[in-house]
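Here is the structure we will look at.
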Amino acid sequence: ELEIGGPLYWRPPDDEVIEIVAYYRVATVSNALGEDRANIGGDVVVGTNQILAPAEINISARPLVAVYVATRLSEQSIPTTVSANDTHQPVLYVAFPDYDLDATDLGGVLEWGKPLDTLQVVRYVVYLAADGAGAGRSQFGEVLEGTTALTVPENTPLGSFTHILVYTHSPLAEQTTPTSLLIDDVDSQVRELAFADRDLDSGEIGGVVTWTPAPDVLRVARVETYHVYLALDSMGYYRDQLGDALQAGTNEVEVPAGTSLSSRLEQNVITCRFTMAEAVISVFYNGTNLTDAVSGQLDSWPFEKQVTFVQVPLAYLVITGMGSDLVNDTCFGAGLQISCSDGITSATSGWEAYGTDTPKKLSSMHQKGSAFGWGEVCNSTNGFFLLSDPSLPKIWTGAGRFASFRFRHGDVAAPNTNASHTHFVAYARSSLGEQTTPAAVRIVESSVVLSQVRFEDTDLALNTIAGQLLWFLAPESDAAELIEFIVYMAEDAAGLGRQELGRAPNGTQQLDVPPGTLINNFTHFVVYARSALKEQDEPCGALEFFNDFEHACDELEGLTCPGYTAAGIGVCAPPSCSACGLTAERISGLHADINKAQSTIVGARTSVGMMALLDRLQQCGMTEFEMVYYQARALVTAASVEKVMCRYSCLADRSECQTCRPETPPNATEPVADSDGLSVWRYLDCMYRNGTASQGGELSYAYMFTNGKFVGTGTELAESMDCD
């Protein structure tokens, strides 16, 4: 407004005057007298009856346009004047509903109302600006008159702009004062995205993802659907959609129980075992410091170290450490030994080293695998070794006792696992498109894992068990969603053919197994955790249980019982015979029995050799001797003779026993030499027969002693004794 520009026309003077006119001069003035004059352009030669006035001539103080006639000597004093006709042609309105639902991004259709008079309008020019007056404006687009809309592509960055400006443009110039619109940048990102995992299986999730819509009604109204994905980061990397699109107004989506966290992204997870003489300083991979993630004591080579990382194409593994300061030859005084799951070892070509005798020269850049000065490695002759693979070659550098070693991996050729999703991401979608920047929540997996399960059978029957089953949560377990534990007996550790034994609420980590619980075909206890959503698909803990029972020794067919079969255990060999199964107290008791009388017979009642010796002594009229009877397991056949009982602790299928020992008679006040019915005979065989039985012979169950000295076995004496 109050600005003019464009063509000015006038009619020349009459013929009698025109002959003396040389020039015309055009100006804006404040009144008809030509006061407060401001010239427009220069002199106009007679014969020309128009000029093109430049745009934006302000007429607020000079509302009249004046034309002066001038001769070569003088100028007209009173000009011919006319009121300036200021044509104001702004657009009537500007409207822009933002349908790009991301904050700081615009998208949609910009519209404006046509001016009331479009006679002088040839096009419209649109700008983004920092205020309504056009500060810092940037042209966005222009269209010819007749079009009153402009598409703003989705994801158009808003930057620091706050207004949209629409200018009309005449044939002469662009409008000075635009019609402006304060931009309402719509942000429809959902709020308070949340998820609580109720699937207690490791690597699986289940529950409900919930959110709150954007607070402004207008922002919600432009949302048509929501889309929820599992992703590898908070920005939706390698995302996989969870279910179908959700109509606006829906603020939650169910995550089915058993939903796998495994993504489509294949990766190669590498684990390296290594050690270094004398100490490890740092470990980096792909520029990331992994030192705190290394297991094993870093400052002592006997402790094996281990580090795990995901392979990145062309990334460096860098291990930095120091050798001994006691040896000048660093290829002798230091060394690195390493073996990785992808086949890379310290024997692999391609290792480079940077060494120095000055710690300050071992820069942080070298520890990351960059900088300069890298060279070849030398073969180390240091005596250290990697416990799990001591034969591997060892490397170091001759450049100093402080050194960094780097190895560059190639492309990922053999992925061995799939990356796990770490986030839920939620996008709002309008008619224009889906958001670029989602709302995100990190997945906290509620897995329950047991570190240990314990049970000791207190029911001493052969095919039944009883006792207290105990279990302990692993440190990584999250029991927030845990309702109870369910305990089963099963045919294997995976829960095959399981039968429920009982339940224990969260906070309880034990279950009493009632007396007389039948073993049947079961071999394991398996424990499952249950949330409000479901019971685990796989047990969180399992234990192959041992059945403790008492049974006659050596009468269970096919029983593998280490140490207490008829063949005995240990190395029962002269001269000490200390590993025959007798304690020192029992040996002492045996020798006391041997020295009970001048002549003593130590034997088993039903032994053939014992009966033969007694018969021969009777034939010879010899009655001055003392009888000492010990049990013999191998000879217990008569129903009238009490059997030797053993205490067993064996797996349910009796394929293995952890305990198998003869029971000490309950009324014994001190250790009895023959309590197991075997060890005493092994000891006597070792001491007095030079271990005949252990060399393929048979045990003897009758021995005669005179004045504590061995005379012979029952069978030998019965055959050789002369009554004379």
The residue that is least open to solvent (accessible area, probe 1.4 Å), considering only those in region 365-405 that are in contact with a Phe, Trp or Tyr (Cβ under 8 Å, 6 or more places away or on another chain), among the hydrophobic types (A, V, I, L, M, F, W, C) and farther than 17 Å from Thr345 by Cβ, is Ala403
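Okay, residues lined up against (1) surrounded by 14 or more Cβ atoms within 10 Å (Cβ to Cβ); (2) closer than 23 Å to Phe549 by Cβ:
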site	(1), (2)
Pro475	no, no
Phe485	yes, no
Glu491	yes, yes
Pro505	no, no
Leu511	yes, yes
His524	yes, yes
Being modelled with pLDDT of 95 or more, within 28 Å of the chain's Cα centre (by Cα) and among the aromatic types (Phe, Trp, Tyr) narrows it down to one residue among Tyr354, Tyr316; which is it?
Tyr316
Filter region 592-605 down to the residues that are touching a residue at least 40 places away in the same chain (Cβ under 8 Å) and open to solvent by 10 Å² or more (accessible area, probe 1.4 Å), then identify the one that is nearest to Leu678 (Cα to Cα).
Asp593
Assess whether Tyr648 counts as being among the aromatic types (Phe, Trp, Tyr), within 30 Å of Lys709 (Cα to Cα), surrounded by 14 or more Cβ atoms within 10 Å (Cβ to Cβ) and at pLDDT 85 or above.
no
Return the total of residues in region 299-320 being farther than 21 Å from Ser391 by Cα, in contact with a strand residue (DSSP E or B) (Cβ under 7 Å, 6 or more places away or on another chain) and surrounded by 14 or more Cβ atoms within 10 Å (Cβ to Cβ).
9
Taking Gln267 and the conditions (1) over 30 Å from Gly355 (Cβ atoms); (2) more than 16 Å from the chain's Cα centre (by Cα); (3) surrounded by fewer than 20 Cβ atoms within 10 Å (Cβ to Cβ), which numbered condition does it fall short on, given that it satisfies the others?
(2)
With respect to the numbered conditions (1) crowded, with 18+ Cβ neighbours inside 10 Å; (2) assigned to a loop (DSSP other than H, G, I, E, B), which one is the sole condition not fulfilled by Gly243?
(1)
Residues in region 599-631 that are under 10 Å from Ala702 (Cβ atoms), assigned to a loop (DSSP other than H, G, I, E, B) and among the aliphatic types (A, V, I, L, M): how many?
1
Within region 712-724, residues being without any contact (Cβ under 8 Å) to a residue 24 or more places away in the chain and not charged (D, E, K, R) number 2
Please return the ranges of strands (runs of 3 or more DSSP E) entirely within region 91-145 where 2 or more residues are open to solvent by 50 Å² or more (accessible area, probe 1.4 Å) and at pLDDT 95 or above.
105-112, 138-144
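Let's see how each residue does on (1) in contact with a Ser or Thr (Cβ under 9 Å, 6 or more places away or on another chain); (2) more than 26 Å from Leu265 (Cα to Cα):
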position: Glu278; (1), (2): yes, yes
position: Ile281; (1), (2): yes, yes
position: Asn286; (1), (2): no, no
position: Leu290; (1), (2): yes, no
position: Ala293; (1), (2): yes, no
position: Gln297; (1), (2): no, yes
position: Lys305; (1), (2): yes, yes
position: Val312; (1), (2): no, no
position: Leu317; (1), (2): no, no
Quick one: Leu165 ticks every box in (1) modelled with pLDDT of 95 or more; (2) under 22 Å from Gly6 (Cβ atoms); (3) in contact with a Pro (Cβ under 6 Å, 6 or more places away or on another chain) except a single one, so which number is it?
(2)
Please go through region 338-364 and give me each residue that is in a loop (DSSP other than H, G, I, E, B) and open to solvent by 30 Å² or more (accessible area, probe 1.4 Å), ordered by number.
Ser341, Asp342, Gly343, Ala347, Thr348, Ser349, Gly350, Asp357, Thr358, Ser363
Filtered residues of region 539-571 (kept if under 46 Å from the mean Cα position of the chain (by Cα), open to solvent by 70 Å² or more (accessible area, probe 1.4 Å) and modelled with pLDDT under 65):
Thr560, Pro562
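The values are calculated or read from the model by the stated rules, or taken from the named source; none is laboratory data. Model, not experiment: these values are computed from the prediction. Virtual Cβ from ideal backbone geometry, glycine too; neighbours counted across all protein chains shown. Just so you know, the surface numbers come from the protein's heavy atoms only, side chains and all, with ligands and any DNA or RNA stripped out. Shrake-Rupley method; radii C 1.70, N 1.55, O 1.52, S 1.80 Å.
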